[in-house]
Structure formats: structure tokens, C-alpha cells
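Only the coordinates and a few stated rules stand behind these numbers; no lab work does. Model, not experiment: these values are computed from the prediction. Here Cβ is always computed from backbone atoms with ideal geometry, including for glycine, and neighbour counts include all displayed protein chains.
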Amino acid sequence: MSETKSKSANWLIIGVVLIGGLIYLAYSRKNAPQPVAAVAAAGAEAPLLEAGNVTGRTAPMWTLPDADGKPVSLAQFAGHPVVLDFWATWCGPCAVELPWWKELQDKYRAQGLVVIGVSEDTSLADVKKYLATNALNYQVVWDNSKLMPTYGTPFGLPTTLFINRQGKVTERALGLEGKPDLDKAIRAIL
Amino acid sequence: MHAPAKISAPAHASVEATVTVAIEAGYHIQSNHPKLDYLIPSQVSLTPADGIELKQTDWPKPEEHKFSFSADPLTVFEGDVPVRLRLATGAPGTHTIQGSLHYQACTDQLCRPPATAPFTLTIVVR
């Protein structure tokens, strides 16, 4: 490339930043891909879920803070059907599902359903700000990316796990699902 | 990420360099000024270095795209996105500058976490 002596602007293509590795597209629950790496977790009180092998396995225990900093443990809900909805305030597809979770929590509350929103926001302040203007009728805990690997799932939001009364993961949904599909998955764990 | 070319530029002058962001098909990243305040904007930054100053970052006009999860169109980037960096050079010397693109990508159904993609500029100021 010849050197220019003028002070005029020089247009140069200097590099390419690849946003690569994003090979995941939306999948239905029946076609969920196998993640590529095994996972490890610290402090799990149950056997770890292997990457991609979650259905039928016992959900690992965890303790995470809620929006007020109070600890919440999965163990508190032993014997209940539980939905873990991994979401974040910056996730548009997640926002579609949030009102559905409110409806489904109300619909199946009497049957013991516990919906838990697991926030992957890096800032608890963002979660608090969101909840201040979008009241939810179910438990929200703040994870900040620590828990998803424990559940053997690639990082994509929303990710939803359905846990039956025996504490076993019956289904995992990666990406935005339709409300009828979520309802059906919940009925299977009641 | 491709290795950058070594760029020659005059001293005490303005230089423009373009970094091209290649976004995989099916994904989009938020524009540098998203319409909704909870969306994470795309940003380019350079680590400060003696002799080179980032004066301005020019993004192309984003696309307006309606997604299944959005009531209104969002401003996003898709495909190959050229980002123009306006730099000011100082005294002669060779400068290797670290830069990064901060972004958050989604498909129509799924979002990946915010991420940072590094790049390097090598500028020979004569």
C-alpha cells in the first residue's frame, strides 16, 4: 500500500471481526442440539448434568439471591413442579414469554407450580429496575451466568427447564416457545 | 478475526480505517443506538495508545427489522457491517493498538449473551 503524504482521509480495510461460533438457531424442544462441551459446577449438591443430557436427570441444587438479596434455594421447593426460566432484561424473545409465565403461574398455582425466573443479567440493578416497572407474580433470582453451565445447556436465552415433583428434569426448551407448548410441558410435571 | 494489515499514515494527520463486522446469517446485533433502552448497543472501543487517538466512530445506517418478539421494528445490523474509525496520528512511530467490539446478538427466537470481540490495529506513522 503506497504511502500518502496528503492529510486527506484514507479508507482502509484493516480487519474483519468475526462474530463466529454462533451456530445455534431456534430449535424446538424435540430437536434441541447437543452442546459441545461438558460442564462443571462448584457446590452442586446433586450429580451434575452432563452437557446435552438433561432429560430424566436430577436437577442440580442451587442457592441464588432474589432481587432483594435474600437467598433462594431450589431445595425450598422440593415436591413441587418447578419451571426454571433463564432470561435477561436485554432479551427480546424472553420478554414475549414473561406475561405467559405470569398467566401460567396463576393458572397452576393451586396445583403447586413454582415458576422461577433466573436472570442472567450482569447487573442486579438492571433486574431491580425492570421488576419495578414490570411486576411479576413469581420468584425471580439473580444468576449472572453461574448456573446455566450446571444445567448442561448452551448459553442462549430464553432457556426453560421443567422439573417434576421428584426433582427430575423432564424437558428443556431452548429459545422462544409458543404458549401452548409451555402449557403442555407444565401439565406434564404437575 | 482476520489479522489486520499494517497501515502507513502520515504524522499529525487524520486517518480513517474500517473494521468490518461479519455477522453470521440468521443473527443480528443491536445497532449503536437501539430504540429500546434495555437493549445493549454495539460499541467499538480502542485501548488508549500514545500517538494514536480515536476521534470518531462512524457506524452505517442500521436496518429496521420487525421481529416476532418485537411489537415495533428494531434498529439492528446484519451481515457484513463496516465500521469507520477516524483516527488522529501523532509523532512518527509504529503503534499496535488493541480494539474491541462489544455487542449482543440474537436470532428471531433466541439471544446470546453480550460479548466482546477483540481486534488489533498496526499503524506505522511516518
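Values as computed for the structure displayed
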{"item": "Karplus-derived HN-Hα couplings along the stretch A:81-87 (A = 6.51, B = -1.76, C = 1.60, θ = phi - 60°), whole Hz, x at Gly and Pro", "result": "x, 10, 10, 9, 10, 7, 8"}
{"item": "Length-normalised contact order of the stretch B:6-125 in % [C-alpha pairs under 8 Å, at least 6 apart]", "result": "37 percent"}
{"item": "Inter-probe distance in nm under a simple model that places probes 7 Å from Cα toward Cβ, at B:Asp58 and B:Arg86", "result": "0.7 nm"}
{"item": "Kirkwood hydrodynamic radius of the stretch A:66-105, Cα pairs, Å", "result": "12.1 Å"}
{"item": "Share of alpha-carbon pairs per 10 Å distance bin for the stretch B:20-126, given as whole %", "result": "14, 43, 26, 14, 4, 0"}
{"item": "Calculated from backbone phi, Karplus (6.51, -1.76, 1.60) coupling profile of the stretch A:140-146 in Hz, x at Gly/Pro", "result": "10, 10, 10, 9, 6, 6, 8"}
{"item": "Relative contact order of the stretch A:55-190, pairs being alpha-carbon contacts under 8 Å that are 6 or more residues apart, as %", "result": "35 percent"}
{"item": "Whichever aspartates and glutamates have a C-alpha closer than 20 Å to that of B:Lys55, once near sequence neighbours (fewer than 8 apart) are set aside", "result": "B:Glu16"}
{"item": "Euclidean distance between Cα centres, the stretch A:132-164 to the stretch B:72-107, Å", "result": "31 Å"}
{"item": "Residues with amide H under 5 Å from that of B:Phe67, placed H, sequence gap 5 or more", "result": "B:Leu74"}
{"item": "Note, ³J(HN,Hα) from phi for the stretch A:91-96, Karplus 6.51, -1.76, 1.60, rounded to Hz, x at Gly and Pro", "result": "9, x, x, 4, 5, 5"}
